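Note sheet for the following structure.
The values are calculated or read from the model by the stated rules, or taken from the named source; none is laboratory data. Not measured: the values here are computed from a predicted model. Heads up, the Cβs are rebuilt from the backbone with ideal geometry, glycines too, and the neighbour counts pull from every protein chain shown.
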Amino acid sequence: MKLAYYPGCTLHGTAREYDASTKAVSKTAGIELTEIEDWNCCGALEAIFDKELSMGLSARNNMLAQKTGLDLVIPCSICSHNLSRADKAMKTDEVFRGKIEKALGNKYKNNGFKIKHLLDVMVNDVGIDSLSQKFKKSLKGIKAVPYYGCLLVRPSEVSKFDNPENPQSLDNLIKATGAECLPFTQKTKCCGGNLLMSKQDYAFILTKKLFDEAKAAGANCMVVACPMCHMLLDGQQSMVEKAHNTVINMPVLYFTQLIGLAMGLGDKELELDKNMVSPKQLLESIGKETKEEKKVEKPETKAGAEPEKEVAK
Amino acid sequence: MIKTSELDPNFKYEIANEPGGENIKRCFNCTGCTVGCPVTEIDKGYNPRKILRKALLGMRNEVLTDESLWLCASCYLCYERCPQDVKITEVMGAIRAIAQREAKAGKIKLANPKPLFDNLFIDSVKSNGKWYEAGVSGMFMLKTKGIGGVIGYAPMGMELFRKGKLSILPHKIKGTDQIKRIFEEVEK
């Protein structure tokens with residue numbers, strides 16, 4: 001499978017481990033990524049309310065991607081939302097399209113060009129069954145909560161690949177790695193990312209609520225698919241601890257790092273040393289199941305190949 | 001208390017003329033936006049239904065100067081659930097755009113620091129094509145919290161730099177002239 005790749009600003013900065021693990025995992029999954037040339041910022045959450053500017057900036061990236069003749073994959077939920085929203089407007093709003101085509105001196109192609117989030121590509125295009133065949137190591141010992149956040153599945157008129165109220169794709173992917181996927185009532189609740197500059201204390205309250213719930217569920221790790229969520233949950237976790245005078249100490253992995261581990265890829269390739277909250281203890285817990293648990297496993301089962309049905313414990 | 005003599009009946013049309021604000025008049029005040037709002041959950045004073053109702057009634061000045069206008073987390077939950085497809089998140093954006101213009105013209109004052117950050121961010125995209133994280137964050141800290149704020153954030157900045165996550169200088173794309181033309185076209 002060949003796809004055009006838009007990393008977005010954060011994947012070349014604070015979310016570099018998401019970029020590295022995306023590339024490593026895609027390669028193993030048989031996806032050839034071509035980074036689009038001279039891409040620009042999509043406007044992020046800062047221009048999301050300046051609708052025409054956000055869509056104009058995003059449309060330029062779409063036009064660059066169209067030059068490759070390939071569909072476009074995006075790992076960031078915010079970029080993915082912005083570029084998809086722009087694509088829709090460029091295909092349906094003639095006045096807006098006229099403005100942007102005039103600014104860029106180029107025509108927007110109204111063909112089958114598709115923009116997809118990386119999670120959608122992994123779960124629905126590559127498919128969990130084929131991905132599982134690449135898994136070499138069971139991640140038993142990891143007890144994860146799946147965190148989707150906001151823009152990955154909302155609004156459903158832009159993001160159509162999963163249920164906006166109770167999405168399942170990340171759940172299914174976690175289960176396929178052999179890790180335990182715990183029920184998480186906060187899976188689509190906001191992490192507070194866009195409140196960081198307007199009201200930091202509110203942002204931290206929302207973040208802490210997610211961790212409280214994750215801990216109550218018995219999780220030792222959170223799995224995400226967005227660099228903004230990761231920036232708050234991992235990058236600012238120490239600030240949240242300080243503000244609430246508490247200890248959280250919960251590693252937050254990108255889903256690409258998680259499946260990379262199952263594929264047997266190295267810590268270096270997945271840049272696990274770049275996460276702000278060290279996942280060292282978590283990595284040590286993998287494969288340390290008790291003897292009793294081992295007996296339960298069917299002897300013919302390939303490690304990690306079977307998405308186990310989890311019963312609430 | 002509402003003073004009918006101070007209401008601006010054109011305010012709803014003004015919002016509907018902004019990109020994103022088109023559907024405001026569809027709102028029938030069912031409160032669906034507010035019951036699921038994650039910000040309302042932690043601050044009962046934040047009430048998106050009230051903002052919409054006031055806007056529809058024409059309480060222009062009260063809506064534009066209300067600090068809570070800047071508390072929407074843009075999580076799109078209300079947008080998803082609204083039975084009238086008001087597109088509330090984007091309506092909030094349309095109202096913010098009007099508030100920013102009024103503030104630029106010196107007619108109102110905005111107390112929340114969010115528009116300052118957004119503008120610094122957007123300016124850095126305008127000149128580089130990409131977000132200049134170190135520059136924007138540093139300037140925002142300096143302007144809102146003074147040099148003490150910058151120093152307070154220094155350890156985190158150093159840690160990010162040490163991990164190769166923060167670049168000291170901005171990255172400029174080749175097509176900055178195209179970016180400038182996009183700004184010109186959408187600002188017309």
Checklist entry - In this structure, is A:Ala47 part of a loop (DSSP other than H, G, I, E, B), small (Gly, Ala, Ser) and either in contact (Cβ under 8 Å) with a residue 40 or more places away in the chain or not assigned by TED's automatic domain parsing to the domain that holds A:Lys160 (or both)? => result yes
Checklist entry - Of all residues in region B:9-30, which are of a type outside the set (A, V, I, L, M, F, W, C) and either assigned to a helix (DSSP H, G or I) or surrounded by 15 or more Cβ atoms within 10 Å (Cβ to Cβ) (or both)? => result B:Lys12, B:Tyr13, B:Glu14, B:Glu18, B:Pro19, B:Gly20, B:Gly21, B:Glu22, B:Asn23, B:Lys25, B:Arg26
Checklist entry - Regarding A:Tyr202, is this residue modelled with pLDDT of 95 or more, within 15 Å of the chain's Cα centre (by Cα) and of a type outside the set (D, E, K, R)? => result no
Checklist outcome for this item: In region A:54-101, residues that are assigned to a helix (DSSP H, G or I) and under 25 Å from the mean Cα position of the chain (by Cα) total 26
Checklist entry - Out of the residues in region A:18-77 that are crowded, with 22+ Cβ neighbours inside 10 Å and of a type in the set (D, E, K, R), which is nearest to A:Lys102 (Cα to Cα)? => result A:Arg60
Next on the checklist: Please pick out the residue among A:Gly8, A:Gly56, A:Gly30 that is at the interface with chain B (Cβ under 7 Å from one of its Cβ atoms) and modelled with pLDDT of 95 or more.
Outcome noted: A:Gly56
Checklist entry - Taking A:Leu173, is it assigned by TED's automatic domain parsing to the domain that holds A:Ala262, farther than 22 Å from A:Glu17 by Cβ and in contact with a helix residue (DSSP H, G or I) (Cβ under 7 Å, 6 or more places away or on another chain)? => result no
Checklist entry - How many residues, within region A:1-30, are outside any helix (DSSP H, G or I), within 25 Å of A:Asp273 (Cα to Cα) and in contact with a strand residue (DSSP E or B) (Cβ under 6 Å, 6 or more places away or on another chain)? => result 2
Next on the checklist: I'd like the residue in region B:160-188 that is within 7 Å of chain A (Cβ to nearest Cβ) and part of a loop (DSSP other than H, G, I, E, B) and, out of all such residues, is surrounded by the fewest Cβ atoms within 10 Å (Cβ to Cβ).
Outcome noted: B:Lys174
Checklist entry - Only one residue in A:Leu265, A:Leu282, A:Leu261 is part of a helix (DSSP H, G or I), modelled with pLDDT of 50 or more, within 17 Å of A:Leu131 (Cα to Cα) and of a type outside the set (Val, Ile, Thr). Which one? => result A:Leu261
Next on the checklist: If I ask for residues that are in contact (Cβ under 8 Å) with a residue 60 or more places away in the chain and either closer than 30 Å to B:Tyr79 by Cα or touching a Lys or Arg at 6+ places or on another chain (Cβ under 8 Å) (or both), which ones from region A:23-43 would you list?
Outcome noted: A:Thr28, A:Ala29, A:Ile31
Checklist outcome for this item: If we ask which residues in region A:107-124 are more than 26 Å from the chain's Cα centre (by Cα) and surrounded by fewer than 16 Cβ atoms within 10 Å (Cβ to Cβ), their number turns out to be 4
Checklist entry - When only residues in region A:83-110 that are of a type in the set (S, T, N, Q) and in contact (Cβ under 8 Å) with a residue 24 or more places away in the chain count, which is farthest from A:Lys2 (Cα to Cα)? => result A:Asn106
Item to check | A:Gly112 being out of contact with any helix residue (DSSP H, G or I) (no Cβ under 8 Å at 6 or more places or on another chain) and modelled with pLDDT under 95 | outcome: yes
Checklist outcome for this item: Checked region B:35-91 for anything assigned to a helix (DSSP H, G or I), more than 19 Å from B:Glu18 (Cα to Cα) and more than 8 Å from every other protein chain (Cβ to nearest Cβ); matches are B:Val35, B:Thr40, B:Glu41, B:Arg49, B:Lys50, B:Glu67, B:Ser68, B:Cys78, B:Arg81
Next on the checklist: If a residue must be assigned to a helix (DSSP H, G or I), within 7 Å of chain A (Cβ to nearest Cβ) and in contact with an Asp or Glu (Cβ under 9 Å, 6 or more places away or on another chain), how many such residues does region B:115-159 contain?
Outcome noted: 5
Checklist outcome for this item: Taking region B:125-162 and keeping only residues that are under 26 Å from A:Met276 (Cα atoms) and in contact (Cβ under 8 Å) with a residue 40 or more places away in the chain, one is left with B:Lys130
Checklist entry - What number of residues within region A:153-163 are within 12 Å of chain B (Cβ to nearest Cβ) and over 14 Å from B:Tyr79 (Cα atoms)? => result 1
Item to check | Scope region A:125-161; condition in a loop (DSSP other than H, G, I, E, B), among the basic types (Lys, Arg) and more than 16 Å from the chain's Cα centre (by Cα); matching residues | outcome: A:Lys136, A:Lys137, A:Lys140
